[in-house]
Ligand code: KIV
Ligand code: NA
């Protein structure tokens, strides 16, 4: 199997082939999504919500991200693996940012890191890139800054914020980022960004005119069912399927139907 690389992702944008990206946090799910043919696996800090049950992405630690990432790395043969640097581990100063990126790369074996923000974290981005670690940017709705914004509503609807976002995207490209995620912004702005930078732009709630799409695996599988923003297309109803399986098992145990003779030694 041929590994997806930053070079291959750039070629995909150049020839107009859309890039597919999903999150994964553990070995079993990562193995399934990789075999399905996904281009990028993101070990997102959404693990804080989906895996750990926190309300925001802020509490997850660097060690926990490395644990998730190393599990994913052991499963994935083809996809390019990106890991979120968690809140508090790159914003403060660029040496800490580099140290965090290096820990993720060394201890998990992933291929790249992702960070939220533009001009504010320019030094950290450059420092990480100077060590040869590919960096994916993330603009628009940046969940690590949720308490600054106060809500999870659409971002950059106003001209000033839209202008800053476009400039941040160009800045991240100049710094040397290999791709940018745009989360929950108007489709027209996302289109403009994707046309204004050469590097791939991956959208989530950013409309169709970008170079690829990303969703949180558990959301698109219908495992998490409380979270239903407009941009989320649910490709399965695993909550129902799993509930039925669990209930059938419970019924069989209680009714002495499991195990049967052929399931016993
Ligand atoms: O953590 C995450 O899952 C993400 C995606 C939503 C882009 O950052
Ligand atoms: Na994230």
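The values are calculated or read from the model by the stated rules, or taken from the named source; none is laboratory data. Everything quoted here is computed from the prediction, not taken from an experiment. A quick note on method: Cβ atoms are made from the backbone with ideal geometry, for glycine too, and the neighbour counts reach across all protein chains shown.
Results, tabulated for the structure shown:
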quantity: Residue within segment 233-249 that is at pLDDT 95 or above and in contact with a strand residue (DSSP E or B) (Cβ under 8 Å, 6 or more places away or on another chain) present; calculated: yes
quantity: Given (1) within 16 Å of ligand 2 (Cβ to nearest atom); (2) closer than 30 Å to residue 163 by Cβ; (3) buried (at least 23 other Cβ atoms within 10 Å of the Cβ), number of the condition residue 91 does not satisfy; calculated: (3)
quantity: Boolean, residue 77 is at negative phi, more than 15 Å from ligand 1 (Cβ to nearest atom) and not in a helix (DSSP H, G or I); calculated: yes
quantity: Every residue from segment 48-66 that is assigned to a helix (DSSP H, G or I), within 18 Å of residue 109 (Cα to Cα) and within 16 Å of ligand 2 (Cβ to nearest atom); calculated: 62, 64, 65, 66
quantity: Residues (over 17 Å from residue 83 (Cβ atoms), touching a residue at least 12 places away in the same chain (Cβ under 8 Å) and either surrounded by fewer than 22 Cβ atoms within 10 Å (Cβ to Cβ) or within 14 Å of ligand 2 (Cβ to nearest atom) (or both)) located in segment 15-30; calculated: 18, 20, 28
quantity: Qualifying residues in segment 128-154 (those that are assigned to a helix (DSSP H, G or I) and surrounded by fewer than 22 Cβ atoms within 10 Å (Cβ to Cβ)) - the one nearest to ligand 2 (Cβ to nearest atom); calculated: 143
quantity: Matching option when the condition is within 13 Å of ligand 1 (Cβ to nearest atom) and crowded, with 20+ Cβ neighbours inside 10 Å, among 45, 34, 39; calculated: 45
quantity: Pairs with Cβ under 6 Å, 6+ apart, first in segment 168-182 and free of Cβ contacts under 8 Å to residues at least 40 places away in the same chain, second more than 16 Å from ligand 2 (Cβ to nearest atom); calculated: 173/197; 173/199
quantity: Breaking point among (1) modelled with pLDDT of 95 or more; (2) under 20 Å from residue 90 (Cβ atoms); (3) out of contact with any strand residue (DSSP E or B) (no Cβ under 9 Å at 6 or more places or on another chain), for residue 149; calculated: (1)
